[in-house]
Structures are given as structure tokens and as C-alpha cells.
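> Structure below; questions to follow.
The values are calculated or read from the model by the stated rules, or taken from the named source; none is laboratory data. It should be emphasised that the depicted structure is a prediction, and the values quoted were computed from it without experimental measurement. Glycine gets a Cβ as well: all are built from the backbone with ideal geometry, and neighbour counts include every protein chain shown. These area figures cover heavy atoms from the full protein model, side chains too; ligands, DNA and RNA do not enter into them. Shrake-Rupley method; radii C 1.70, N 1.55, O 1.52, S 1.80 Å.
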Amino acid sequence: MKAPKAALLGVLLPLSVLLLAFASLSFGAGGVGWQDSLHWLLGASGDAHVDLVLGELRLPRLLKALALGAALGAAGVLLQTVTRNPLAETGLLGVNSGAALGVALGIAWFAGQSPAAQIGWAMGGASLGSLLVLLLARAGGGQSSPLRLVLAGLALTATCHSLTAWLALVSTANLDRYRFWLLGSLAHPHAGLLWPGLVLIGVGLTAAMALVRPLSALTLGDDLARALGQRPVPARVGAVVVVALLTGTSVALAGPIPFLGLIAPYCARTLAGVTITSQLAYSILLGSALMLSADLSSRLLLAPFEAPVSAVLAGIGAPLLIWMVNRDATLALMPAGTER
């Protein structure tokens, strides 16, 4: 990427996130507009209603949108780099549905579990889901091509959805506790999960940045990576663990959010080229911007009602996925981070 273009994007992307964050704080239910939000941010608001709407409702939602967008954007880059698959994404590969099933099992077996336990169940389901997809894609000794990975992910997703639905049907109490996760929304009333989730996402993003160097070496091939002093297997295992941490925490906070881990890395790869560091940075910013945009759309499109964020993102991501597959029939042979 040319230096002027990189510098311009380095300014425009953070600025876009800031503007979308202010819009997220300014629009929605509660009768509080952008003037009230500006006064509140400047500390000049003394209205108890404004404090309630912004401090208790919109600000936690804004923080979740920023964190989840960054987490899923980073997870998408890691998955695509490790699998060398431009279609790898937490929703397509069954990681989201595995995490959601983990949450459902935790609630069904241990009702009233703590936030830490709930995040743990989600991370366990995400880890198991990603491992099963990778094993299924290599079943029979074949190479894990993008098509095999996607088909394995779809099969696991259908299985996890069926099991989650069964858990909901056998107990009305179970359905009442975790029905929000099945839709994917930022409006969940689980305040105890917010701060532990934000801390874990921060840890996951830090770990993702630490993996940039070994993963960059892996794009050259395992032999060259070893020659450069990197260890391919620990790097891949570390990436899968970080993906499980980011995805599991995201699902625990807001439910399964599809396609964001596909859209943000794809756009980041288009802007940044093959450099993993730039891809990760751009994907984090683009993921946050996309999540904020989807959340705003979910609040405003059907106002005063609200659409699930997952439905908004699916409306964007599904056509994009179809276009990506039809655009180039050689996607199955393309390593992540490359373009023809």
C-alpha cells in the first residue's frame, strides 16, 4: 500500500469509528438526542433521565459493539491466515454455533451460573467446534480446502443448532434464559458479563497482536517459517486458542454474530494487501465500524421496534459470500492474504 493511501486510511478509519460511536450514543429509544449526548459527554448534563439512558443503556451497548466488532474482526484474520482460506469465518466454520451450544448446555445443567462460568462454557464450545471442523475437513486424508471447511462448518452448525433447539424445547425455563443468544443482539440485559467480557477480549486482542510475527512467517510455508526461527504448530495452536477466546467471549456477551468475521477481514485484505499486521489493524477497526453500523440499523430500521444485529449482518454477509465464491473459481486454491 502506498504511504499516502495508508496515512489517509489511518486517519479515516479511526475517525469513522468515533463518529459511529457518537451516533450509537445519540440515537435510539429513550428520547435522548445528540445534543443531550454531547452535553453528557462534556459533563454538563444534570438530567437523571439522560444519565439513565446514556449511562445504563446506550454506553454498555456501545462498548459491547466496539469490543465485539474488534474481536470478531481479529478472529477472522487469524482463522483465514492459519487455514490459508479466504472463506474461513467463525460463523461459517461452526465456532459461533459451538459457543452458543456451550452457553446453552451451561445454562441447562447449571442454571444461574456466574458470568465467568458462562464465558467458560462459550469458550469451551468454540474450541471444540473449531477443532471438530478442522478434523472433519481433513477426514479421509484429504486436504482441507475452503469447500471442505465450509461444508464441515455447515454440518457442525446444523448439528449445534439442533441440539440447542432441543435444549430449549425440553424446558421453558431454559428457553427463557438463553433465547436472546439464539438471535444475536447487543440488547442483552446481562450487565455482569460486560466488564469480564471486555477484559477477556482485551487479552485476546493483545495475544492476537503477539501472534502477528509467527503467523506472517507461516504464510511463507512451514519450512521457511522454521528457517526464520518460528514454530508452526505452536503458532497454529495459539491462534486457535485466541480465536476460541475472542469468539467464545463474544457469543457469551451477545450471542452468535454471523459474517462479521468474514466481511471485516475481506475488506481489510483488500485495503492492506498481504501484510498481516495491517490486515489485523484494519480488520479490528472495520469490525468495530461494521458492528456499530449494524447496531444502529437494527435500532432505526424498525423503530420503535428492534431487529437482531445478526439479521442485519446476515443481509450484508450472505450476498458478499456468494459474490466472493462466484468472483473467482480459484478461491479454493488461494492462501489467505492473497488476491489475484
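> Work out the length of the dipole vector of segment 205-313 about its Cα centre, built from +1 on the beta-carbon of each Lys and Arg and -1 on the beta-carbon of each Asp and Glu, and round it to the nearest 20 debye.
So the dipole magnitude of segment 205-313 works out to roughly 260 debye.
> Enter the Cα centre distance for the pair segment 193-236 and segment 71-90, rounded to the nearest angstrom.
A separation of 12 Å, based on Cα centres.
> Shape call for segment 219-291 from the C-alpha gyration tensor, a ≥ b ≥ c root eigenvalues: rounded (a/c under 1.5), prolate (a/b greater than b/c) or oblate? Walk me through the numbers before you get to the answer.
Details: a/c = 3.23, a/b = 1.45, b/c = 2.24.
Verdict is oblate for segment 219-291.
> Further question on the same structure: Starting from the coordinates of the alpha-carbon atoms of segment 1-108, obtain the Kirkwood hydrodynamic radius over all distinct pairs and give the value in Å to one decimal.
After inverting the pairwise mean of 1/r, the radius is 17.1 Å.
> Order these peptides, 265-271, 124-130, by their mean beta-carbon neighbour count within 10 angstrom, highest first.
Per-residue mean Cβ counts within 10 Å order the peptides as 124-130, 265-271.
> For residue 223, what accessible area in Å² do you get when you roll a 1.4 Å probe over the heavy atoms of the protein chains, rounding to the nearest 10?
120
> Could I ask something else about it? Please report the carbon-and-sulfur percent of the accessible area for segment 1-98; probe 1.4 Å, protein heavy atoms only, DNA, RNA and ligands left out.
Ligands and nucleic acids excluded, carbon and sulfur give 71 percent.
> When the gyration tensor of segment 194-324 is built from Cα positions, what are the square roots of 5 times its three eigenvalues, in whole Å, from largest to smallest?
Working through the eigenvalues yields semi-axes of 31, 18, 11 Å.
> Further, regarding this structure: By per-residue mean of other Cβ atoms within 10 Å, what is the highest-first order of 60-68, 313-321, 252-260?
Output ranking for 60-68, 313-321, 252-260: 252-260, 60-68, 313-321.
> Please give, to one decimal in nm, the separation of the simple spin-label points placed at residue 109 and residue 56, each 7 Å out from Cα toward the Cβ.
Result for the modelled spin labels: 3.6 nm.
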